[in-house]
Structure formats: C-alpha cells, structure tokens
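Structure first, commentary second.
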Amino acid sequence: MTEGARELPHAVVDPARIPVERYFDEAFFRLECERLWPRVWQMACRLEQIPEVGDWVEYHNLGRSVIVVRTQAGVRAYHNACRHRGVPLVPEGSHGNARGQGFICPFHGWRWNLEGENTFVYGRHLFSQRQLDPADIALPACRVEEALGCAFINFDDQAPSLRECLGEVVDRLEAHGAANMRAEWWYATELPANWKIAMEAFMEGYHVMRTHPQLQRALPALYNQRYGHDTGGIGLPVNPNQTVRQNIAAQVRHFELLSEGMAGMVHAKEVEIIRQLADVPLPDDPETAIPQWFGIVQAEITRRLRERGEPVPDLNEVAVSHPVNAVEFLFPHYFLLPTFTSMSAYRIRPLAPERCLFEIWSLTHFPPGQEPPPVMAPRVLPHDSEAFPPIPRQDYSNIPAQQRGCHAGGFRFMRLAEQVEGLISNYQRIIDGYLRGVEPARLAAATRKLGGNFDGPVLELGL
Ligand code: FES
Ligand SMILES: [Fe+2]
C-alpha cells in the first residue's frame, strides 16, 4: 500500500473489502468527478451513428459535453462550448449533420466548420483584434480514438492512448468482429444507484443462481462447476449422468434463455442454427460428444451466417487465437458480452452519488449493404419496466435495492469472494489509483490487467 492511500477517504485498504461509503459519499463522488472521469477513455458513440462527413453526435458526462463529428480527415471531437460566451453549440443528446452550415451558436450566431475553425463572427468590427485571434476562437479539440465500432473520447490530453490503457482486450474483441457490428436496438434507463453498484452487477456470474434462476435451472452443470459444490470443473459443462442428447437439450435451452429478448447476447438467428444441430451424429460419451458438438455449432454458425453474406469471424479459429470471456470489461464504464457472433454492450454514466444512466445495445452483423438504419437514440424506459428483456430486468431488480442496503446500520463493506469477485476489487483499486494521482503509465499497466478478469481473482496491480 503506498503512502498516499491514507489520505484518500474510503480507500480500498483490504482488497477483498470495499468500503460502503464509496457508493454514496458526496465527497468521494466529487473526487471521482474531479480526478477519475476527466482522465479516462469514455465510450462516446457508435461509429454507425456518424457514417457521412458532417454527421455528428453530442456526448456528455458529469456536465462536460463534446461533439463527435466525422470530417474528411476522420473522426474528430470538440468541446461543446461557444468561444464567445460559452453557450453549447449543440444541445445534450442531439445529433445532426453540419456539412453545409457548420456549427452555429444559438446565442449570437458565430459559426465553425467541421475542422473546428471559426468561419463567421457577426459584427466583427465590434471586437478588438486580440479577441478574434483565429487559433483562440477555434473549437478546442478533445482526444478521440476509434475502436470496437465506437468513438472513445478522453478529456485528458496527457492520457496514454486507448490501446495502451485497455490492452489486448481490444484486439481480442476486434478479432471477434466487434468493429463491424451494428446496433439493432438501444435501451436506456435511469437507476437509483451509484454507477459502481450498477457496474458490479455484471462483474461476476456468481449471482446467476439466485438472480437468473432460469439459467441455472437450464444448465446447472455450468454454474455448479464454477460456483457450486461441484468445483474444479473446467471447459464445457457436461453432465456425465445424462445422455448426450439430454446434455445437448440443456445447452440449447440455455442458449434460448440467454437469447430471450436479448438478441445480442445470443442472437435468435444463432439459436435457430443451434436448434437444427441438436441431432447431429456424435459419440455416446458426453465428455467427448459435447465439446465436439460445440465445435460443430461454432463451425455451422460461421458457415451459415457467412453464406448470408455476414462478415462474421471464424468462431472456432478465434476461440483459439483470441479467446474471450462471457463479459469483457473496458475500464471504466463500458463492457461487452460476446457469445457467438453477436454481442450485448453496456455503458454506465454517473448522474449523482446515488443515480446513474444505464444503457444497453444489442449488436450483430449484417451483410454489407443490408444494414438497418443506425439507431440514433435509446429507447428510454423506467428501470422496472416490463418492456426490458428478462435478464436485465432481473439484474435491475437487485441494483436499487442494493443501493438502499448500503445505508443499513452496521453494513460497512462489500465482502468479496477473492477468487471470483476479484474484478470488483481490481477496478475499484484502479479508481483509487486515479484519485490518488498515480502516474498514467502505471494506471494504464494496471488497467490492462482487467481484460479477461470477469469472474477472476483479486490481482496485484502494482499501484
Ligand atoms: S455565445 Fe455563442 S455567439 Fe455569443
Ligand atoms: Fe445478471
């Protein structure tokens, strides 16, 4: 533990015990606003939202707003405030195309082109020359990088690059085709919970048994091997007491349940292919047959979707070259759930110490030229809406309750299982690194360790 740790209120001192004040304390929240969020890579938009030159979307978090725009030279981002008297050039949550007129301030009508250069000042003669220095009235650029089919922004000009911060997880997800996926739908909801409570509900599979009992019931071997009495099992879950066909029926049911309303997690088109493979000839021994069946499933999903013209990766090849976890977390607020060729994506933004905005995308591939129009805005629902698919609805049922529980008498810390809830500790301690002002290269080195850490152990982070 370094010197500075003592000065940080509610720091994680015991890596398996997360102080509860971190989830509601106003001063701690303020520290995050000042020292964490302005220095990290944030998922700002999906690139399909800005396909043409001039297309732009606004992204904001904790009062800071940027315009992400496609220019001739690529994607750029600008801080969203007029250089005259500070009015945002575009409203929160808006999007449009600025190719013709550029960005026009709604207050006195100053204008900028896509490159951020000022092109018009109404009544120029009213200003002294130094007030209109072209470099000074250009829109200040914000860091932006493209990865995984998204634009990521960073308010910190000194921050290491996105890839240096996130590491190989980006390459692994790109090998799985993340860069050429498109959103089918996009939901948003406001949760009465600290942003970290919301994140942590997706950092382990240990909650499946009670929160998503339908999944546990469908494939008890999977969850029991990982979290239950039946420990030590690795690889594909097989129930040796059942026949091969019974094992396969359980797998199919499990995929159907993961797919129900979730599209991207396991897509209906993938479930349809899987169902058709329930009867393929296989050896009698389940331990041999089930891995073989999985290989066939992955090969057939690849083959049939490619036949339709979808640019999907070879699933059996990438399973070996770039294996991914059930959840892949990109510090601090974006994560993807890759199963076969489709993915669910989640983004969380803090709104207040005990409120956050939670978004879910369903992503999949389409044959080039047959993509649906880009989804430009989320469908916003109350967090307890019946319209949410069953899995997020089950997760959302715990999150606000857990936030209330944080205020209960005698509850002092989150008590983590060191071997499977380690990701919660690891990302929380990286947050502390930011709050303590640890140097960027060390923070990046620690953050890279989070790739593949879902259901993983508490790690030594070198902070
Ligand atoms: S504040 Fe933008 S033109 Fe005056
Ligand atoms: Fe869950």
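Quick notes on this one:
- Cα-centre dipole for the chain with unit charges at Cβ (Lys and Arg positive, Asp and Glu negative), debye to 20: 960
- Translational D in µm²/s for region 366-448 (Stokes-Einstein at 25 °C, 0.890 mPa s, Kirkwood Rh from C-alpha pairs): 142
- Using a Förster distance of 60 Å, the FRET efficiency for Arg210-Arg99 (Cβ separation, nearest 0.05): 0.70
- Dimensions in Å of region 11-125 - Rg and Dmax from alpha carbons: 18.4, 64
- Between region 246-311 and region 373-430, the alpha-carbon centres lie 29 Å apart.
- In range of the label at Gln242: residues from region 202-222 whose backbone nitrogen is under 13 Å from the point 7 Å along Cα→Cβ: 215-222
- Neighbour-count ranking [beta-carbon atoms within 10 angstrom, fewest first] of His125, His10: His125, His10
- Between Leu381 and Ala417, full extension at 0.36 nm per residue minus the direct alpha carbon distance yields a gain of 9.6 nm.
- Taken along its three principal axes, the alpha carbon spread of the chain comes to 87, 57, 40 Å, from the longest extent down to the shortest.
- Rounded to the nearest 20 debye, the dipole magnitude of region 332-458 is 380 debye, with +1 charges on Lys and Arg beta carbons, -1 on Asp and Glu beta carbons, and the Cα centre as origin.
- Values of log10 I(q)/I(0), in the order q = 0.27 Å⁻¹, for region 411-454 under a Debye, Cα-only, solvent-free model: -0.96
- Take every pair of alpha-carbon atoms less than 8 Å apart whose residues are at least six positions apart; their mean separation over the length of the chain yields a relative contact order of 22 percent.
- Each of Thr341, Cys356, Pro88 was scored by the projection of its Cα onto the charge dipole of the chain, and the greatest displacement toward the positive side belongs to Pro88; charges sit on the C-beta of Lys, Arg, Asp and Glu.
- Computed helical MRE - 222 nm, the chain, DSSP H runs ≥ 4 contributing -39500 (n - 2.57), nearest 500: -8500 deg cm²/dmol
- Segment Asp279-Ala441, extension gain: residue separation times 0.36 nm, minus the distance between their alpha carbons: 53.1 nm
- Taking other Cβ atoms within 10 Å as a rough exposure proxy, Met376, Met181 sort from fewest to most as Met376, Met181.
- Computed about its Cα centre, the charge dipole of region 44-154 is approximately 340 debye, with only Lys, Arg, Asp and Glu carrying charge at their Cβ.
- Net charge, Pro373 excluded, C-beta distance under 12 Å - Lys, Arg +1, Asp, Glu -1: -2
- Among Val69, Leu126, Trp56 - extreme Cα towards positive end, dipole of region 44-154, charges at beta-carbon: Leu126
- Label-point separation, Glu256 to Ser128 (7 Å along Cα→Cβ), nm: 7.7
- Remark on region 310-367: ratio of C-alpha radius of gyration to 2.2 N^0.38 Å is 1.39.
- Computed from backbone phi, the HN-Hα couplings of region 200-205 come to 5, 5, 10, 9, 8, x Hz, rounded to whole numbers (Karplus: 6.51 cos²θ - 1.76 cosθ + 1.60, θ = phi - 60°; Gly and Pro given as x).
- For region 282-398, the ratio of Cα radius of gyration to the globular rule of thumb 2.2 N^0.38 Å stands at 1.34.
- Multiplying each eigenvalue of the alpha-carbon gyration tensor of region 161-303 by 5 and taking the square root yields semi-axes of 29, 21, 17 Å, largest first, rounded to whole angstroms.
- Segment Arg308-Ala352, length gained on full extension (0.36 nm per residue, minus Cα span): 11.3 nm
Each reported figure results from applying straightforward, stated rules to the coordinates on display, with no laboratory input. Quantities reported herein were computed from a predicted structural model and do not represent experimental measurements. Cβ atoms come from the backbone with ideal geometry, glycine included; neighbour counts cover every protein chain shown.
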